[in-house]
Amino acid sequence: MKFTDVSQENLLKLKNNPYPGRGIVVGLSDNSRYLVHIYWIMGRSFNSQNRIFVLDEEGNLRTQAFDQEKVEDPSLIIYKAMSQSFRYFAVSNGHQTDDALSSYVLGMEKALSSWKYEPDAPNFTPRITVASALRGKRVSPVYMSIFTKSPLGNGCDRKFYSLNLNYPGLGYCVTTYAGDGNPLPSFSGDPYLLPIIGNIESVASSIWDNLNQDTRVSLAVRFINIRSGRSDFKIINKHG
């Protein structure tokens with residue numbers, strides 16, 4: 001089976017997943033001109049639903065409360081989700097985003113050594129992180145990590161990946177959850193392929209339209225020009 005067919009099948013599985021939670025995709029645009037980062041958030045509680053994505057003055061993507069007066073606990077829901085330093089880029093589902101930028105200097109294992117899964121019992125949400133870099137006119141191997149709570153105790157199981165983006169129009173995806181439940185079942189297995197077809201608006205619509213309409217909150221797509229390093233963003237917020 002072709003990789004493109006596999007990616008389309010996985011997109012259908014994403015659509016049929018009632019609650020994948022937060023998700024990251026990293027890949028190449030179908031014209032090979034752009035390194036693509038995608039990040040989305042979902043929520044079941046009002047506190048998780050009460051969010052939007054915004055760009056700050058430095059071009060970093062952040063979560064922000066939609067209704068500031070109704071925020072219950074900002075500690076795990078308000079953070080910088082995408083950041084950049086020169087031609088290094090990172091995206092994550094928590095406060096580890098800036099630390100991930102040093103992955104190409106220290107290695108991702110050392111850069112994220114102080115982090116583990118989120119302390120949100122009983123779900124213990126995994127931390128998912130991607131770091132990428134542009135070297136000359138090409139993309140360096142991409143680093144991805146998944147930190148989950150060990151089934152044997154309070155320890156943290158850490159998985160690290162070095163991914164080569166050799167196929168235009170395809171991206172590697174990881175999510176926080178495998179589906180709905182109480183507690184929520186953590187993502188298991190390896191990153192899987194999703195299609196990245198068309199311009200930034202088409203890519204954003206493709207993912208957004210395949211997320212559960214009741215629990216999807218916000219989605220951001222970043223197209224990074226491989227030659228210039230400049231970024232374009234497409235943001236979709238359920239609120240506003």
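From the list Gly59, Gly21, which residue is of a type outside the set (S, T, N, Q), at pLDDT 95 or above and outside any helix (DSSP H, G or I)?
None of the others qualify; the one that does is Gly21.
Considering (1) part of a strand (DSSP E or B); (2) touching a helix residue (DSSP H, G or I) at 6+ places or on another chain (Cβ under 6 Å), say which one Tyr161 fails and leave the rest.
Status for Tyr161: all satisfied but (2).
Just to verify a result, which residue in segment 192-240, among those that are touching a Leu at 6+ places or on another chain (Cβ under 7 Å) and assigned to a loop (DSSP other than H, G, I, E, B), is surrounded by the most Cβ atoms within 10 Å (Cβ to Cβ)?
The qualifying residue surrounded by the most Cβ atoms within 10 Å (Cβ to Cβ) is Ile196.
Of all the residues that make up segment 89-107, how many are within 20 Å of Tyr172 (Cα to Cα) and within 16 Å of the chain's Cα centre (by Cα)?
Going through segment 89-107 one residue at a time, the tally reaches 10.
Can you tell me which of Asn166, Asn123 is at pLDDT below 95 and either among the small types (Gly, Ala, Ser) or not in a strand (DSSP E or B) (or both)?
Asn166
Whether any residue in segment 186-198 is within 25 Å of Thr125 (Cα to Cα) and β-branched (Val, Ile, Thr) is what I want to check.
Among the residues of segment 186-198, not one is within 25 Å of Thr125 (Cα to Cα) and β-branched (Val, Ile, Thr), which makes the answer no.
With the requirement that a residue be without any contact (Cβ under 8 Å) to a residue 60 or more places away in the chain and under 20 Å from Asn17 (Cα atoms), what does segment 156-177 give you?
Of everything in segment 156-177, nothing turns out to be without any contact (Cβ under 8 Å) to a residue 60 or more places away in the chain and under 20 Å from Asn17 (Cα atoms).
Could you tell me which numbered condition Leu152 fails, if it satisfies all but one of (1) free of Cβ contacts under 8 Å to residues at least 24 places away in the same chain; (2) hydrophobic (A, V, I, L, M, F, W, C); (3) over 29 Å from Pro18 (Cβ atoms)?
(3)
The values are calculated or read from the model by the stated rules, or taken from the named source; none is laboratory data. For clarity, every value in this text was computed on a predicted model and none was experimentally measured. As a convention, Cβ positions derive from the backbone with ideal geometry for all residues, glycine included, and neighbour counts pool all protein chains shown.
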